[in-house]
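The values are calculated or read from the model by the stated rules, or taken from the named source; none is laboratory data. If you're wondering where the values come from, they're calculated on a predicted model, not measured in any experiment. Using ideal geometry, Cβ is built from the backbone for each residue, glycine included, and neighbour counts are taken over all protein chains shown.
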Amino acid sequence: MKRLVIFFLLFLPIASGAQTSALKQQVLKQIIQKPSGPNFAVVSAKLRAGKDVENAYKQLDTLLVRPYGDMFWMYGCAGLYLSTQDVLRPEYKARIRECWKHFTPYRGDTENHFLMYYGSLMLMSEVWPDLGEQEWFTGQTSKEIHNQAADYLDHWIDEVARYGQIEFDSPRYQYYFITPLVLLAEFAHDARMKKRCQMMLEYFLVDHALEYLNGNYCGAHSRVSDQAAIDPRSGEATAYGEYFFSDQVTHLEPDLAFAALSSFVCPEIIRTIANDRSKPFTNIKMKRGRTTIRDSKIRNATIVKHDYMTQDYCLGSMEISSELSDSVIGALAQPIQQQTWSLVFAGEKKHNILFSLHPNFDARELAEFFPEEPSFMLERIGAVKAGYPNENKWVGGSPYERVFQNENELLAYYDIPESAKYRHVDLYIPKAATILSRDQTSAENDIFILSAPGWIVLKYDSTLVGVRIMSPYDLTDEGDNYRIRTKTGNTACWIICVNQSEMTADDFAKKLLHLEPVKRGSKVTFPSITGKSIHFDLAQLSNYKITETHLFASRFASAKLGSGILWLRAGKLHRALDFIHAKSW
Amino acid sequence: VRFESLRLSVLLLFLLLANMQAVAQHSHTRVFATAIANDSAGAFMGASSNGSGLYQSDDTGSTWRHLGWNNIKAYSMDAVRSSNGRILFLATGLGVLRSTDYGENWKVLTDWRISEVMDVAVNQKNPSEIYIATAHGPWRSRDGGVTWSELVRGLEVPFTSRIVIDSVVANHVLLVGDREIYMLKQDSIWYPVETNDKSSGWESTPVVDHFSSLSQISANHWIAAAENSLTLGSIDSGRIFYADRILWDSINPLWCLGVSSEYFESEKTSTIHIPRRVLAGGLSGYRTYANTSNDAMSQPELISSVKRVHACLLILDQSNGADYVSIVGTLGDGVFRRSEVQATKLLPKDRSNYVGDQSLQRCQIWSLKSFHIME
């Protein structure tokens, strides 16, 4: 009988999510009404709704007269063509055809670029399946284009499903993965590809849901914008988070139109994973670093992410494998835009985040990932990523940084050499947090690691946070935040979080004062108030191995590294995504 | 009969020579410049920009025209010499492109596996064999670019930036890695070539800070350069490179060498040969050296008004009194040229001496190459 019930449960239809017809219509209405420049998704919404049609065609004229934006143009154009093909005027269809013949969009060099480029080519080669090589900007036939695009997409899905994403958990670029996947899941002709892309879309939503906290994309990020680094809800991915996981969208982005025009509905289990914060949980995810080209024997670093998610906060970080022979202690997952760790609070106020970084600014960082001349890149990088050379920046990883986390405790360790451009570490403390105590007894000559100054105790809503900077520092009021800047390059930020329901602020502060790190030889232990200490060996930081064997491990999701099968569970809900056999159940 | 035969032979020889002269009179040097970006914000490091791509000049760099894709990160190019400029290969960020109609139309030959192609070399004895050096390692095609095989065995780090097929010795290919020059052996394995530094009187391995240039000067003579102003020469077809660091002081980092192969005749030391004329360029500018005797290299002024010189070319301009023309490609300021004979008059000091069309003016030039075109 029990088996019969289980069998029956397995074949129950998946409960529909919140992307009801009403929500879709509401989102489309908001997008149509919001003033915007020419945008394929907005034009699509207007043409489908039959609203503001003449203006929509004017905008489309602009988008087709001088195509611009490479692969970003491609996926938007493909999305428009496919989602409006029954209402799009024939002359515009012809003009779009001409664009794909003459416009020479560039492929780019990142994971999101490649998905947009090959995803768009696959869809459009299915629209025009029998054209010769003179009819495409690549000089290839429709069949050649389709085969190459499908080959790439299959390869990419296999890699991500088995070994993890490269541009992972980006509050900005997640948006540029979700939209092409929405289009592929909706419009791909090939049944197997369509299914795998639908599953991939779910996979990305699971990835987001596991680190979703009241609209925030928490945890470590491979790439984050300057703004989203200090304001977690300001990234583009928030729009999709709200659309798929919540019942209303306040952060509107144009591409939501493509999702609202599609038939895809987020499975209820993924919505539950995003919203069930009834009890704290640890979350492990494995990812890969961006492919290195110079100065590294590891092509793609192995990355393991840790999150400790509660209903009030999420403490998240990443560890990165390295195989270095020099004195550098760490490694980078991505250049320029990495956020290695953060503590994100669930509260509604802006700037609800706390984190530290070393503002690395180095030709070597650029040379490791980009083929151009390192010194020239360093000279011009300011024009591409304006904040990169800035000593006050709030985004970026560092090869002189190692982060260790054990649930609600985290240690960010820094050993910055004299040769580094900047030798300070900055800690971002949101002004929305109340500083309960600040034991600034540090002497100028205090040196990491055992002669510690004191703790700063913060309160953000019901979350208590102990912060200990393991070297002298200055604290500056910057309006929305405080900036703590260390005076030495060899330091650490020690973070411990609890909920006020667990202990009072006084008890928390008293317990903190009893904590002291212990160093025996090269081995270091940072104790915690819950008894789960952080241990690491200073001698092994340069050559750092990761032994984790699970791509996903939490109470909601599990997958063995390399298996290609993701198992989900949330209460009575279960789901499996088997990418090897292109099946889900 | 013998006399008649002799007359006929002389006549045929005369006609042959006359024909060769006529051909020689109707040929010229075609120069190609490849631009990875137009110099606008965000226009490199992954992105493309209008104005990048391939440029061609048929008057030794005085005027230029753009060919093909106008927004592609073009690192380098090669041509099938026997096709007289008709068949071109372009090494780009998105792979290898081929044109069979003088650059008017292009076909992408590679797929997603191949990206950031920094150099392409066609085997001129067998043009269906093509080698490429990419930032992720070298590849080879033996069917004109239809299929490609990765050639990474022996490489410690995947980054490769230049690949040169020996124009004389068969199956001899040299590859520039980040800190090594490699030679292809056993068809598919790269071996680091021996490098030797005798400058201190002791044999030692020179410290190389990123190789930047590799050229074959003549049958046995090769010359390479590294960013830390190091020159390495080989007199045994690239099997051993000997270091020499006396030439390029104050050009740091050193990014390119332009050499005059025709005038290779001097011997600097017993282990390294220096071409008669050398153009050395880098971040701080460029110099053109004239070597008039074995031990007397000129010490010209550094032309620092043209900075970030990433590509160098020395061309013997036979139409202009056998004058040498220097063409330099910069990162961000397009292309400059000057006549070496009239150097003092034509020194490019600012943009007023800029050559090329508007779109080339702010390009990041990655390479310059020249080909002899018969008309």
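Of (1) away from chain A (no Cβ under 12 Å); (2) within 18 Å of residue B:163 (Cα to Cα); (3) of a type in the set (Gly, Ala, Ser), residue B:83 satisfies all except one. Which? Only one criterion is unmet by residue B:83, namely (2). Evaluation of residue B:156 against the conditions (1) within 13 Å of chain A (Cβ to nearest Cβ); (2) free of Cβ contacts under 8 Å to residues at least 12 places away in the same chain shows that the sole unmet condition is (2).
Going by the structure shown, is residue A:393 modelled with pLDDT of 95 or more, surrounded by fewer than 24 Cβ atoms within 10 Å (Cβ to Cβ) and of a type outside the set (Phe, Trp, Tyr)?
Yes, satisfied.
Here residue A:102 passes the criteria (1) touching a helix residue (DSSP H, G or I) at 6+ places or on another chain (Cβ under 7 Å); (2) within 11 Å of another protein chain (Cβ to nearest Cβ) except the one numbered (1). Restricting attention to region A:191-201, the residues being surrounded by fewer than 23 Cβ atoms within 10 Å (Cβ to Cβ), in contact with a helix residue (DSSP H, G or I) (Cβ under 7 Å, 6 or more places away or on another chain) and charged (D, E, K, R) number 1. Within region A:68-103, being surrounded by 20 or more Cβ atoms within 10 Å (Cβ to Cβ) and not hydrophobic (A, V, I, L, M, F, W, C) holds for A:70, A:75, A:76, A:79, A:81, A:83, A:84. Of the residues making up region A:119-143, those that are outside any loop (DSSP other than H, G, I, E, B) and at the interface with another protein chain (Cβ under 9 Å from one of its Cβ atoms) are A:133, A:134.
When region A:164-180 is examined, which residues are found to be assigned to a helix (DSSP H, G or I) and either more than 16 Å from the chain's Cα centre (by Cα) or buried (at least 24 other Cβ atoms within 10 Å of the Cβ) (or both)?
Within region A:164-180, the first condition is being assigned to a helix (DSSP H, G or I), and the residues that meet it are A:174-180.
Within region A:164-180, A:174, A:177, A:178, A:179, A:180 meet the criteria.
In region A:336-367, the residue that is farthest from residue A:280 (Cα to Cα) out of those that are surrounded by fewer than 22 Cβ atoms within 10 Å (Cβ to Cβ) and within 14 Å of another protein chain (Cβ to nearest Cβ) is A:363.
Scanning region B:50-63 for residues that are assigned to a loop (DSSP other than H, G, I, E, B), in contact with a Ser or Thr (Cβ under 8 Å, 6 or more places away or on another chain) and within 13 Å of residue B:365 (Cα to Cα) returns a single hit, B:51.
Could you check, for region A:51-59, whether at least one of its residues is more than 14 Å from chain B (Cβ to nearest Cβ), under 17 Å from residue A:182 (Cα atoms) and out of contact with any Phe, Trp or Tyr (no Cβ under 8 Å at 6 or more places or on another chain)? Checked against the condition, which is being more than 14 Å from chain B (Cβ to nearest Cβ), under 17 Å from residue A:182 (Cα atoms) and out of contact with any Phe, Trp or Tyr (no Cβ under 8 Å at 6 or more places or on another chain), region A:51-59 yields no hits at all. The strands (runs of 3 or more DSSP E) located wholly in region B:75-184 that include 1 or more residues which are over 27 Å from residue B:30 (Cβ atoms) occupy B:173-177. Taken over region B:181-226, the residue count meeting the criterion of being among the acidic types (Asp, Glu) and closer than 25 Å to residue B:276 by Cβ is 1. Could you grab me the full set of residues in region A:154-163 that are crowded, with 23+ Cβ neighbours inside 10 Å and more than 18 Å from residue A:334 (Cα to Cα)? Across region A:154-163, the qualifying residue is only A:161. Which residues, taken from region A:368-387, are crowded, with 22+ Cβ neighbours inside 10 Å, more than 19 Å from residue A:111 (Cβ to Cβ) and under 23 Å from the mean Cα position of the chain (by Cα)? Listed by number, the list holds a single entry, A:381. Does residue A:154 fit the bill of being more than 26 Å from residue A:320 (Cα to Cα), part of a helix (DSSP H, G or I), within 14 Å of chain B (Cβ to nearest Cβ) and out of contact with any Asp or Glu (no Cβ under 9 Å at 6 or more places or on another chain)? For residue A:154, the condition - more than 26 Å from residue A:320 (Cα to Cα), part of a helix (DSSP H, G or I), within 14 Å of chain B (Cβ to nearest Cβ) and out of contact with any Asp or Glu (no Cβ under 9 Å at 6 or more places or on another chain) - is met.
Residue A:217: closer than 21 Å to residue A:285 by Cα, buried (at least 21 other Cβ atoms within 10 Å of the Cβ) and of a type outside the set (A, V, I, L, M), yes or no? It is true that residue A:217 is closer than 21 Å to residue A:285 by Cα, buried (at least 21 other Cβ atoms within 10 Å of the Cβ) and of a type outside the set (A, V, I, L, M).
Assessment of region A:521-541 against the conditions (aromatic (Phe, Trp, Tyr) and either at pLDDT below 90 or farther than 23 Å from residue A:484 by Cβ (or both)) yields no matching residue.
Answer yes if at least one residue in region A:316-334 is surrounded by fewer than 23 Cβ atoms within 10 Å (Cβ to Cβ), within 14 Å of chain B (Cβ to nearest Cβ), in a helix (DSSP H, G or I) and out of contact with any Pro (no Cβ under 8 Å at 6 or more places or on another chain), and no otherwise. No - not one qualifying residue is present in region A:316-334. State which residue is nearest to residue A:99 (Cα to Cα) when the search covers only region B:62-79 and only residues that are more than 14 Å from chain A (Cβ to nearest Cβ) and under 15 Å from the mean Cα position of the chain (by Cα). Out of the qualifying residues, it is B:77.
Entry remark, region B:200-236: residues being in a strand (DSSP E or B) and either of a type in the set (S, T, N, Q) or touching a His at 6+ places or on another chain (Cβ under 7 Å) (or both) number 9 in total.
Among the residues of region B:90-107, those identified as more than 18 Å from residue B:149 (Cβ to Cβ), at the interface with chain A (Cβ under 10 Å from one of its Cβ atoms) and crowded, with 21+ Cβ neighbours inside 10 Å are B:92, B:93, B:94, B:97, B:99, B:106. Look at residue A:184 and say whether it is more than 12 Å from chain B (Cβ to nearest Cβ) and over 17 Å from residue A:75 (Cα atoms). Here the answer is no, as residue A:184 does not meet what is asked.
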